[in-house]
Amino acid sequence: MRLYNTLTKRLEEFKPVEPGRVKMYVCGPTVYDYFHIGNARPFIFYDVLRRYLKYRGYDVVYVQNITDVDDKIIHRAAADGLTPQEVAERYTQAYFEDLERLGIQPADHQPKATEYIPQMIKFVQALIDKGYAYVVDGDVYFRVKRFPDYGRLSGKPIDELLAGARVEVDERKENPLDFALWKRAKPGEPRWPSPWGEGRPGWHLECSVMSISLLGETFDLHGGGTDLIFPHHENELAQSEAAAARPFVRYWVHNELLKFQGEKMSKSLGNFEYARDVVARYGKEAVRYFYLSKHYRTPINFSPEAMADAQRAVERVYHLLEEIDYEQKRHDGRGLKLDKRRLTRRGKEFLRLIEQTRREFIEHLDDDFNTAAALGALFELVKEANVFRQQMAPEDLPLLKLTYDLIRELGGPLGLFQESPWRQAKSELEGQLIGILIDVRNRLRTQKEFELADQIRTRLKELGIELKDKGEETIWSYLSTDRS
């Protein structure tokens, strides 16, 4: 397996520190609002990366933090007439709810910054003792020029960063690039006692301390969006390696951003939609497919048209699963055991395609996690399966079950195609009413009242319910991709 390492600027073979075990940390949310659909990209990507590592046999320890003390939280609290703690608690709960809406598995550890204040104070004091940090009026700053490799992650020399970086002007700092490890408390702000006076930790410090506390001083993979490379991850790397005098992270992995009409989607620009609203409109699997249909290092543009395309693509797979499931139920399991000797020539060709699909899927994901190509291989199988099942001989019927099982297997690491192909009625009453309408329609068809029968089918479709005639039987399913 190879991954692109932002630190070395090249594809590298993935070799964890401890064979068979992967320790990964991904920057989580600052909990001052619901997260928008652009924020969902890293949450989905690293969820899938973790799932795939497990699929390939690794034991994975996944840590994702919660930033529950920050300027944005303080400002939101002032605007809403709440305490910063109340704001953080409200939107932390909302964050977990939205992860569930997106089908994202919880991290093994989800530490909150406020739970690690003592460790942060100890970390800062160690940097001061080593000469990497200094105190000014209760604030503590990291001395960037003391760390010779500063700029290595972003690939820019200090002079260039100094010229182009948007840094907070503070004449008390030795160098404009020096960043805050500890901030002196202002009136009304959250505060904790420290050797330098009451205050709170800096954002960069929080991630270093939480990751090292849970994963050790050197771990395998650190992830986040490309917007975090500088200054956040650059600062994390500098302070962590200065404190420990050893490599911090082996593989830095960054996903590209979501764009809206050519611009980065962000709350500050006002060009965003909340993730929960997009999921409600298109379904969680459409959102996941939308992101996974592009390589993670490729920018992607959000639009209703793109989301509708993703929704149709997901539905195409579920329609195939429905058809295969119907065939299996119709045959009541008889004749579904594979006997390669009985396959027709066409069946043997299709069996080779099934086997090839698994190989290609794994090869693509092993090659810098190319989910777009992996999905391409899977959808080629779906296309050929739709043709094959229309023309297959009875001897080839077991191949449909192989196809069904493979789609389920390969969809697992992606968080796709795991729901029941037959979506249950949302209530017992709804199921009974649909059943009554199907009975009435079938009687109308028997009586050759085809116009009225077609009206029932059309009206149900307008309500998002599709009827499918299978010989003497009529089956139904929702048109929406939301199968939760």
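Observations on the structure shown:
- Among the candidates 402, 381, 365, 375, residue that is surrounded by 14 or more Cβ atoms within 10 Å (Cβ to Cβ), within 23 Å of residue 52 (Cβ to Cβ) and over 27 Å from the mean Cα position of the chain (by Cα): 402
- Selected residue (only one of 410, 444, 414, 353 is surrounded by 14 or more Cβ atoms within 10 Å (Cβ to Cβ), of a type outside the set (Val, Ile, Thr) and more than 27 Å from residue 51 (Cβ to Cβ)): 444
- Residue ranges of helices (runs of 4 or more DSSP H) in the stretch 1-106 with at least 1 members small (Gly, Ala, Ser) and surrounded by fewer than 21 Cβ atoms within 10 Å (Cβ to Cβ): 71-80, 84-101
- Matching residues in the stretch 79-104 - criterion: being farther than 15 Å from residue 275 by Cα and either touching a residue at least 60 places away in the same chain (Cβ under 8 Å) or of a type outside the set (S, T, N, Q) (or both): 79, 80, 81, 82, 84, 85, 86, 87, 88, 89, 90
- Which listed residue, of 273, 305, is open to solvent by 50 Å² or more (accessible area, probe 1.4 Å), touching a strand residue (DSSP E or B) at 6+ places or on another chain (Cβ under 9 Å) and more than 30 Å from residue 157 (Cα to Cα): 273
- Test: residue in the stretch 181-204 that is open to solvent by less than 30 Å² (accessible area, probe 1.4 Å), within 35 Å of the chain's Cα centre (by Cα) and of a type in the set (Lys, Arg): yes
- Checking each residue in the stretch 134-157 for being open to solvent by less than 80 Å² (accessible area, probe 1.4 Å), of a type outside the set (Ser, Thr, Tyr) and touching an Asp or Glu at 6+ places or on another chain (Cβ under 9 Å) picks out 136, 138, 139, 142, 143, 144, 147, 149, 151, 153.
- Qualifying residue in the stretch 242-251 (condition: part of a strand (DSSP E or B), open to solvent by less than 50 Å² (accessible area, probe 1.4 Å), within 27 Å of residue 48 (Cα to Cα) and in contact with a Leu (Cβ under 6 Å, 6 or more places away or on another chain)): yes
- Taking each residue of the stretch 269-286 that is within 10 Å of residue 38 (Cβ to Cβ) and looking for partners that are open to solvent by 30 Å² or more (accessible area, probe 1.4 Å) and part of a helix (DSSP H, G or I) with beta-carbon atoms closer than 8 Å, six or more apart or interchain, yields 275/101.
- Near pairs, Cβ below 6 angstrom, 6+ apart or cross-chain, from the stretch 388-404 (over 16 Å from residue 355 (Cα atoms)) to any residue that is in a helix (DSSP H, G or I) and charged (D, E, K, R): 395/342
- Scanning the stretch 45-78 for residues that are in contact (Cβ under 8 Å) with a residue 60 or more places away in the chain, out of contact with any strand residue (DSSP E or B) (no Cβ under 6 Å at 6 or more places or on another chain) and among the β-branched types (Val, Ile, Thr) yields a count of 2.
Quick grid of which residues meet (1) assigned to a loop (DSSP other than H, G, I, E, B); (2) of a type in the set (Lys, Arg); (3) modelled with pLDDT of 95 or more:
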| site | (1), (2), (3) |
| --- | --- |
| 333 | yes, no, no |
| 337 | yes, yes, no |
| 341 | no, yes, no |
| 351 | no, no, yes |
| 355 | no, no, yes |
| 362 | no, no, yes |
| 372 | no, no, yes |
| 376 | no, no, yes |
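- In the condition set (1) of a type in the set (A, V, I, L, M, F, W, C); (2) farther than 30 Å from residue 46 by Cβ; (3) loosely packed, with under 15 Cβ neighbours inside 10 Å, residue 392 is compliant with all but (3).
The values are calculated or read from the model by the stated rules, or taken from the named source; none is laboratory data. Just so it is clear, the structure is predicted and the values come from calculations on it, not from any experiment. Methodologically, a virtual Cβ is constructed for each residue, glycine included, from the backbone with ideal geometry; neighbour enumeration extends over all protein chains shown. Quick note on the areas: whole protein, heavy atoms, side chains included, nothing else; ligands and nucleic acids left out. Shrake-Rupley method; radii C 1.70, N 1.55, O 1.52, S 1.80 Å.
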